Amino acid sequence: MTNHEIASLLRKIAASYTVINEQKYRFQIIAYQKAAESIDHETTQVKDLVKENKLESLPGVGPSIRQHLEELIKTGKVKHFETVTKDVPAALFPLLSIPSFGPKKAFKLVNHFKLKNPDTVLEDIKKLAEDHRIAELPGFGDKSEKDILRALGEYKKGFGKTTRMVLPYASQIADKIIDYLKKSPNVEAAFPLGSLRRKLSTVGDIDIAVSSKNPKKAIDYFVSYPYMGRVIEQGPISASILTSGGQQVDVMVLEPHRFGSLLQHFTGSKNHNVALREFAIKKGLSLSEKGIKHSKSGKVDEFDTEEKFYNALGMDWIPPEIREDTGEVELALKHNLPKLVQLKDIKGDLHIHSSYPIEPSHDMGNNSMEEMLKKAQELGYEYLAFSEHNPNLSKHTKDQLYSIMARRKEKIEQLKLKYKSIRIINLLETDILPNGNLAIDEKCMGELDATLVSIHSVFKMDKEEMTKRVLSGLSHPKAKILTHPTGRLLNERNGYELDFEKIFDFCKQHNKALEINAWPQRLDLPDTLVRQAVGHGIKMVIDSDSHAVSEMDLMQFGVSVARRGWAQKNDILNTLEYNKLIDWLKE
DNA sequence: GCCGTTTTCGGCCCGACTGTTTTCAGTCG
């Protein structure tokens, strides 16, 4: 059972409690939802956490849910869950995936029409709506009947709750809309917020905050966006639309003198805001996008900047990337937040695929070494490392392999003479073969300063075997960096499983580094593992893995991952100046 | 059911918007 499936199960329990008796179980409902969210975001599999007895380290998992999950992993079911769901119609649950359907609405329909079959319930509801049987129910009307039909239609077309965009794609859409918004005289400023501002690896819907002296006019302007599918909702200070491409965009507007609290509110995360608000309650304060209300007097303090909002709570301003309620509020109060690594700290890129004819095992770059060096200089880098894939093993003899590697080294040496203002490093991205050996032999290895190593084939190995394979590859003295360590491709495949405790221990002991790969579909290490690596004192490098000049700009997304993982400058090796970096690579 | 920011007991965020309502329930973020 995957973490996502387990999270769904916990959400089912929360929904069941809601249906059974929302008042009585209101805090259990919150607890189950919290635990579900926590497990959905956890990169280690629950079954492994059970094995290692670490389940309760997850926020929101206490003694009770821990026991249930242990039972689930051991026996495949949970007695308590069966008791809870016993009196809840099974046909209710599929409806919960449909936007605008919650447990109450789903239950009313399923219960009133005695729908029994979860496999056909969507079709059943559709038919009932088409036959105008739903409007006659108390609490429903003509409009809700039409809304239900549309929601079902959109869900079928894939506009569901779960389609998430990779970060740069979401940024592009947001930029387009912000450009449009800024053309209005009623828009003073517009910023992307929500998960986009917190730089999550994938973004569900696009949130934009607008500062305006006339919010209503700004909203009117927003909902006449030319690339619009339809307006989902529209009020005096906020509106949501579906673009013609099917992406949801939420806009909230407030006057400039309240913009600070709006930025804070709309950036989230939800958990961060809840933590902040629970803290405020104890001080007799109530927080919202409008400002800070003093509970006794009812007076509301307003804030034009986010800094002032946080400062008013006695906290330092918290970088958006770490607003996840994982300890940042506490540290902000103690004025002890980490100083996160920044894009300008990066002094070079160590993972660059040029078009040099190395006859590689995998994809080759599109631009010459010279073109990529020019770009590196424009980016202000002090150094650049070439790290093409190793030559294809099956198509060359040993001697041919060596001659390719020797020629490549010769080329790099020539470039070093030609380019005085940037240092060039001679690396390679070497495959770790299924047996744990590296793809090139010692003689070829001699032509390199050091090598990156990674998994590019035979992903389907169990956790223990794969960990052994990776550590075997990494144990070569020239292997310094494990690139895209989990092998995940967002929205496409999960990574292979690795025992990261063992990987961390090994890296620490043998002075190896893990890569944060900035390629938008990878963003690998994932932020949660970066945080763990930082905790273990593991060094990392942030690389673009560029196959073209334009891709070298993607470095920023890797930096965002590092920041989300609480990495500081000294955790990231390619913030080092050249001499120190090369010493480490060659040691 | 979880959790420790004055608490190991007694708390648990806040508001926008919609549709069906004459004052609110449901959903969402």
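Laboratory data are not the source of any read-out in this text; all were calculated from the coordinates shown. All figures in this text were calculated on a predicted structure; none of them were measured in a lab. Note: ideal-geometry Cβ built from the backbone for every residue, glycine included; neighbour counts use all protein chains shown.
What is the dipole size for the stretch A:54-180, taken about its Cα centre, with +1 at each Lys and Arg Cβ and -1 at each Asp and Glu Cβ, in debye to the nearest 20? Don't jump to the answer; show the numbers that get you there.
On the way: 22 positive and 17 negative charges, 45 e Å.
So the magnitude is around 220 debye.
Using unit Cβ charges (K, R positive; D, E negative) and no other charged atoms, how large, in debye to the nearest 20, is the dipole of the stretch A:400-528 about its Cα centre?
For this selection, approximately 660 debye.
Would you please state which residues of the stretch A:542-571 a label at A:Glu371 would reach in this model, taking the label point 7 Å out along Cα→Cβ and a backbone N cut-off of under 19 Å?
Answer for the stretch A:542-571: A:544-555.
Would you work out which of A:Tyr221, A:Thr267, A:Met165 lies farthest towards the positive end of the dipole of the stretch A:136-295, given +1 charges on the beta-carbon of Lys and Arg and -1 on that of Asp and Glu, about the Cα centre?
A:Thr267
Quick one: putting +1 on the C-beta of Lys and Arg, -1 on the C-beta of Asp and Glu, what dipole do you get for the stretch A:197-327 around its Cα centre, in Debye to the nearest 20?
It works out to roughly 360 debye.
Sequence-distant or interchain residues sharing an amide H contact under 5 Å with A:Glu255, placed H: which?
Long-range HN contacts for A:Glu255: A:Ser212.
For chain A, go through all pairs of different Cα atoms, get the mean of 1/r, take its inverse, and jot down that Kirkwood value in Å.
Values: mean 1/r = 0.0374 Å⁻¹.
It works out to 26.7 Å.
Find which of A:Pro185, A:Phe113, A:Gly139 sits farthest along the positive direction of the dipole of the stretch A:73-185, computed with +1 on the beta-carbon of Lys and Arg, -1 on that of Asp and Glu, about the Cα centre.
A:Pro185
When all C-alpha to C-alpha distances in the stretch A:476-587 are sorted into bins of 5 Å, what percent of pairs does each bin hold, rounded to whole numbers?
2, 13, 23, 25, 22, 12, 4, 1
Go ahead and estimate [θ] at 222 nm for chain A from helices alone: -39,500 (n - 2.57) per DSSP H run with n ≥ 4, summed, over the residue count, rounded to 500.
Here the helix-only value at 222 nm equals -12500 deg cm²/dmol.
For A:Ile432, which sequence-distant residues (separation of 5 or more, or a different chain) have an amide H within less than 5 Å of its own amide H, given hydrogens modelled in the peptide plane?
Answer set, sorted by chain and number: A:Ser454, A:Ile455, A:His456.
Determine, from the Cβ-Cβ distance of A:Asp220 and A:Asp583 and an R0 of 51 Å, the FRET efficiency 1/(1 + (r/R0)^6), rounded to the nearest 0.05. Present the calculation step by step, with values, prior to reporting the outcome.
On the way: r = 61 Å, r/R0 = 1.20.
After rounding, the FRET efficiency stands at 0.25.
In what order do A:Met552, A:Met372 fall by count of nearby beta-carbon atoms within 10 Å, going from fewest to most? Write out the running numbers ahead of the final one.
Details: A:Met552 22, A:Met372 26.
Going from sparsest to densest Cβ surroundings: A:Met552, A:Met372.
Among the listed pairs A:Lys375/A:Lys443; A:Lys375/A:Lys416; A:Lys12/A:Lys290, give every one whose C-alpha distance is greater than 23 Å.
A:Lys375/A:Lys443; A:Lys12/A:Lys290
What three numbers, in Å, describe the spread of the alpha carbons of the stretch A:122-271 along their principal axes, ordered from the longest?
49, 33, 33
If you take the beta carbon distance between A:Asn53 and A:Glu464 as r and set R0 to 30 Å, what does 1/(1 + (r/R0)^6) give as a FRET efficiency, to the nearest 0.05?
On the way: r = 18 Å, r/R0 = 0.60.
The pair A:Asn53/A:Glu464 has a calculated efficiency of 0.95.
Where does each of A:Val541, A:Val50 land when they are ranked from fewest to most other beta-carbon atoms within 10 angstrom?
Fewest to most other Cβ atoms nearby, the residues stand as A:Val50, A:Val541.
Once you sort the root eigenvalues of the Cα gyration tensor of the stretch A:223-374 as a ≥ b ≥ c, which label holds: rounded (a/c under 1.5), prolate (a/b larger than b/c) or oblate (the other case)?
Here the stretch A:223-374 falls in the oblate category.
Hey, if you put +1 on the Cβ of every Lys and Arg and -1 on every Asp and Glu Cβ in the stretch A:1-64, which of A:Leu58, A:Ala36, A:Val19 ends up farthest toward the positive end of that dipole?
Towards the positive end, the residue furthest out is A:Val19.
Sort A:Thr202, A:Thr18 by Cβ crowding within 10 Å, fewest neighbours at the top.
Ordered by Cβ neighbours within 10 Å, fewest first: A:Thr202, A:Thr18.
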